[in-house]
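Read through the structure below, which is laid out as structure tokens, and then see the notes.
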Amino acid sequence: MKVHYGAGFGRAAAGAAPLSARVSFGGFGHAAPHAPVRAADSPALQTLAGEAMGTTWSVRLCNPLFAPLAPVRAAIEAALALVVRQMSNWEPESEVSRFNRAPAGSWHTLSPEFFAVLQAARHWAQASGGAFDVGVGALVDRWGFGPRPDPHADHAAPQAMPLAQELKVLRSPGAGLVLRDDSMQVLQPGGLQLDLSGIAKGYSVDLVVQALQAQGWTDFLVEVGGELRASGTRPGGQPWRVAVAGEAAGPARALPLQGMAIATSGDHWHAFDHGGRRYSHTIDPRTGEPVAHALASATVLHAECMHADALATVLTVLGPVDGLVFATQQGVAALLCERSAKGAVWTASPAFTARFPGFS
């Protein structure tokens, strides 16, 4: 099933997708791991689902006492609404939209959640040598992957393709991301356009997890637009299992998920063709252009989904060779799926192999 929900981060989705759907999100699409529903599932395993941030969400909850779920749904929806209110480029009055319109030289005090995301973004930007950069909003828009009137329409090439000099200007917005950690402030140097699509959806998963834990829940699986984080186990003590998709038409692979988050970045559908080349939605901040290598998807495991989300984007930008080197050096558990003439080629980082030695 092919679902074009991604471009509408912060907008209502056109319709609910089943858990097995692959979806994309914002400027950076993601192939979605998912939790298969089993015929033998215990009645104590209950599911809540809905729509938010231009995609779908679901929570599978171990509820042996059959406690009322209305407070759970309210907490989930409040967490997701907070992310939209602060970080959605599709909402003109969100914090990020107001910042993007702000005058040069102005400092802005952010909400704690928004600032935490920017701190994580700064960390991975520095660690990756600029392969991750939330300041790519102007480039995302110029390539036609930003907010648009019909978020569910297939992407088309821009009316005029960007020139090299134009891209150079767009990828050099003054001082870039400058933060004051002690006061939770960020500088608008002038022209800086933040796009949090490569990290905010993962953060939303973490925020839902925190909301559930605050209510005393211990065993659940949270999914937002294909990004997941597991806590505890399924009824009966078995680990949660998720399926990792490689290429759009390729088979999915299942793996157990305990106390970890998983995120996948890929270029399956959020793209356009022009002049014999396929242009991916994933922008390389170092060149200003969409990535052009053979990596179909990058799946990352991390204790927090925010970091898994950002790292999946980093690896997608770096590509199959440099991405594997980065994952190895950083101790990142990653699974890369590369296109080849003979089909999909899977490569696991040492940290992934150590965690899942029998995965195939």
Going through ALA49, ALA78 one at a time, which residue ends up being in contact (Cβ under 8 Å) with a residue 12 or more places away in the chain, assigned to a helix (DSSP H, G or I) and surrounded by fewer than 18 Cβ atoms within 10 Å (Cβ to Cβ)?
ALA78
Please verify whether PRO68 is modelled with pLDDT under 50 and either over 19 Å from the mean Cα position of the chain (by Cα) or surrounded by fewer than 22 Cβ atoms within 10 Å (Cβ to Cβ) (or both), treating the condition exactly as stated.
no
Residues in the range 286-301 that are open to solvent by 50 Å² or more (accessible area, probe 1.4 Å) and modelled with pLDDT of 90 or more total 0
Are there any pairs with C-beta distances below 6 angstrom linking a residue in the range 113-130 that is within 21 Å of LEU82 (Cβ to Cβ) to a residue that is aromatic (Phe, Trp, Tyr) and at pLDDT 95 or above, with the two at least 6 apart or on different chains, and if so which?
VAL117/TYR203
Within the range 204-228, which residues are part of a helix (DSSP H, G or I) and either crowded, with 24+ Cβ neighbours inside 10 Å or among the aliphatic types (A, V, I, L, M) (or both)?
SER204, VAL205, ASP206, LEU207, VAL208, VAL209, ALA211, LEU212, ALA214
How many residues, within the range 232-285, are part of a strand (DSSP E or B), modelled with pLDDT of 90 or more and open to solvent by 30 Å² or more (accessible area, probe 1.4 Å)?
2
Return the pair list, or none, for Cβ contacts closer than 9 Å from residues in the range 330-357 that are in a strand (DSSP E or B) to residues that are basic (Lys, Arg), at least 6 apart or on different chains.
ALA333/ARG355; LEU335/ARG253; VAL345/ARG339; TRP346/ARG253
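The values are calculated or read from the model by the stated rules, or taken from the named source; none is laboratory data. Bear in mind that the values here come from a model prediction, so they are computed numbers and not experimental data. For neighbour counting, all protein chains shown are included, and Cβ atoms are generated from backbone atoms with ideal geometry for every residue, glycine included. The area values use the complete protein model at the heavy-atom level, side chains included, leaving out ligands, DNA and RNA. Shrake-Rupley method; radii C 1.70, N 1.55, O 1.52, S 1.80 Å.
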